[in-house]
Amino acid sequence: MTPQFEISPLFGDGAVLCRDREIRLFGTAPDGAAVTAELHDRFGRVLGKDTAPARDGRFLLRLPPQPAQEECTLTYACAGASVICKDVLIGDVYLAGGQSNMELELQNADEGPGLIETHDLPLVRYFNVPKCARPGPETEQANRAARWQAVAPGKARDMSAVAYFFAMRLHRHLNVPVGIIDCYWGGTSVTCWMDEEALGRTAEGRRYMQEYDDRWAGKSMEDYLKEEGAFFSGLDEWAKKADQLKKAHPEYTSKEINAVIGPCPPWNPPVGEGSPFRPHGLFHTMLERVIPASLTGVLFYQGEEDTWRTQRYDLLLSSFILRLRELFQYDTLPFLNVQLPMWIDGAAEQDSMTWPPLRLAQQQVADQTARTDLAILIDQGEFDNIHPTNKRVVGDRLFDCARRTVYGENAPAAPRATGKFTENGVLHILLDQSVRDRGEGEFLLEIAGEDGVFCPADTVIDGQELLLSSPRAPRPVQARYAWRDYGVVRLFGENGLPLAPFWLK
């Protein structure tokens, strides 16, 4: 079928274009057909114009960078057809991606219902990339129907709460339009958002692809869809019973709920070519829809799904970031990540210790990759709730990351361990700022000798040092902090931010 002339909804009425960077516009058109776009300011003056032929059914136009402004117009023309898009803004544009904690909508967040009734910020807008697991007519229809939406009274219920609070702070701080491109799906691995090229660059990525392909080999789409329906039907039925029980007994933990209605079906969705959880699947059905739009930066909150799947999340995340920079044609595209907080299932018999390695992998990538930053949330997790509804603090800490990494400003940062030395049986941990003890919870500091066996450390705070010792480790050489899936932290900087997890070997 010959592609028709259509502009991507990302560049339609109410769009937010990226300031101070080349503006890229794209859509579909018949091969060889010339497509023209003109950008006009509020006075009708031409800010930029480009014409290019469509290739392989797609066109890509490039306009010169522009400063932040409002009330612009985009005019498109192709083979006698024309489209005029109004109320276009130019400002800062962020892609918000990840899994369910980025997906949690404003209407379900603390403060959300109240804010929705009264907020009115027409210069803050969001674009929800439709959640589509498989290519097909329904996917195309959903993408055609997608639109930019402004934050207005009664609106923005389905905006990512994390991205909302981030955007509010950013808009008030910079006084420029802010656009958020929401592109996420709960329960996804980072590999779902990586294309075959990015996955193929590491042995770990290739393993993910091969293992998944091996599991669904020979399964038809019809077989998969039957399995998918049965799985989610069972999950939904259990969730309804759990919600009813929780309303009657809000004090019940997961363990108590399971004792009454039976355990929740394990999160093990069926594998198949149509699954949203397959490697590189959502890259093609969702993320690819917005490539190569011009971006200011990326917000990312993901990792829970990979805590039990990989020991080399650092390789996957690094490959993901580098590939994003290639595809979005921005070699230093800022990547602002969220470190996993504390969490444990209330029905768990013991701490799995799978979340701490992933947190350190996230920190390692932030330390080793230029123009990346990490929002530390080790104080924000909740027992028996993997989806905390206090998303303002996440947005606020991502905003501080943006101030540092994107805009070159000084902003509050979590205290970090910078080094260590052993003296007279005491392991000295050097910090980049002083910490204080809030007196609740555990220190969660452990030390080990040459044998690598860790034990809790007696802890003394001395300015920008932690002095750690234990009779069980008379000559300590290693230290780690917050090596738990779940625990309550008590060490905070003078700025109120928690000490970041670490393992000094």
Seminar exercise, completed: Beyond 19 Å, the calculated P(r) of the range 315-429 holds a percent of Cα-Cα pairs equal to 58 percent
Exercise. Which stretch or stretches of the range 133-157 have amide N atoms under 16 Å from the point lying 7 Å from residue 120's Cα along the Cα→Cβ direction?
Worked result: 150-156
Exercise. How big is the range 112-156 in terms of Cα radius of gyration and Dmax, in angstroms?
Worked result: 13.7, 39
For this session: Can you tell me the FRET efficiency between residue 390 and residue 2 if r is taken as the Cβ-Cβ distance and R0 is 56 Å, rounded to the nearest 0.05?
Result: 0.65
Problem set entry | Sequence-distant lysines (8 or more away, or on other chains) whose Cα lies within less than 18 Å of residue 505 | 420
Exercise. To the nearest Å, what is the center-to-center distance of the range 184-221 and the range 265-302, using C-alpha atoms only?
Worked result: 10 Å
Exercise. To one decimal place, what orientation-averaged projected area in nm² is obtained for the convex hull of the Cα set of the range 220-270?
Worked result: 3.5 nm²
Exercise. In whole percent, what relative contact order does the chain give with Cα contacts below 8 Å and a gap of six or more residues?
Worked result: 13 percent
Problem set entry | Helix 161-174 vs. the chain, principal-axis angle (Cα, 0 to 90°, nearest 10) | 80 degrees
For this session: Please report, in Å, the Rg and the Dmax of the range 230-304, where both are computed over Cα atoms only.
Result: 18.2, 51
For this session: Multiply the residue separation of residue 197 and residue 41 by 0.36 nm, subtract the distance between their alpha-carbon atoms, and state the gained length in nm to one decimal.
Result: 52.2 nm
Exercise. In the range 1-138, how does Rg compare with the Kirkwood Rh, expressed as the Rg/Rh ratio over alpha carbon atoms?
Worked result: 1.02
For this session: Using only the Cα atoms of the range 379-505, build the gyration tensor, take square roots of its eigenvalues as a ≥ b ≥ c, and label the shape rounded, prolate or oblate: rounded if a/c is under 1.5, else prolate if a/b is larger than b/c, else oblate.
Result: prolate
Exercise. Over the range 311-447, what is the percentage of antiparallel beta bridges among all DSSP beta bridges, to the nearest 5?
Worked result: 55 percent
For this session: Could you name the lysines whose alpha carbon sits less than 29 Å from that of residue 241, not counting residues in the same chain fewer than 8 places away?
Result: 131, 226, 255, 391
Problem set entry | Over the chain: helical MRE at 222 nm, DSSP H runs n ≥ 4 each giving -39500 (n - 2.57), nearest 500 | -8500 deg cm²/dmol
Exercise. Cα centroid distance between the range 391-418 and the range 82-151, in Å?
Worked result: 24 Å
For this session: Would you mind giving the three semi-axes, in whole Å and largest first, of the ellipsoid equivalent to the chain according to its Cα gyration tensor?
Result: 42, 28, 22
For this session: Among DSSP beta bridges lying fully in the chain, give the percent that are antiparallel, nearest 5.
Result: 70 percent
Problem set entry | Debye, to nearest 20: dipole size of the chain, +1 on Lys, Arg Cβ, -1 on Asp, Glu Cβ | 880 debye
For this session: On each of the three principal axes of the Cα atoms of the range 270-325, give max minus min coordinate, whole Å, ordered largest first.
Result: 35, 27, 16
Seminar exercise, completed: Here the gain from full extension of residue 255 to residue 437, 0.36 nm per residue of separation minus their alpha-carbon distance, amounts to 62.3 nm
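Any read-out appearing in this document is the output of simple, stated calculations on the displayed coordinates, not a laboratory observation. Given the structure is predicted, the values throughout are model-derived calculations rather than measurements. A quick note on method: Cβ atoms are made from the backbone with ideal geometry, for glycine too, and the neighbour counts reach across all protein chains shown.
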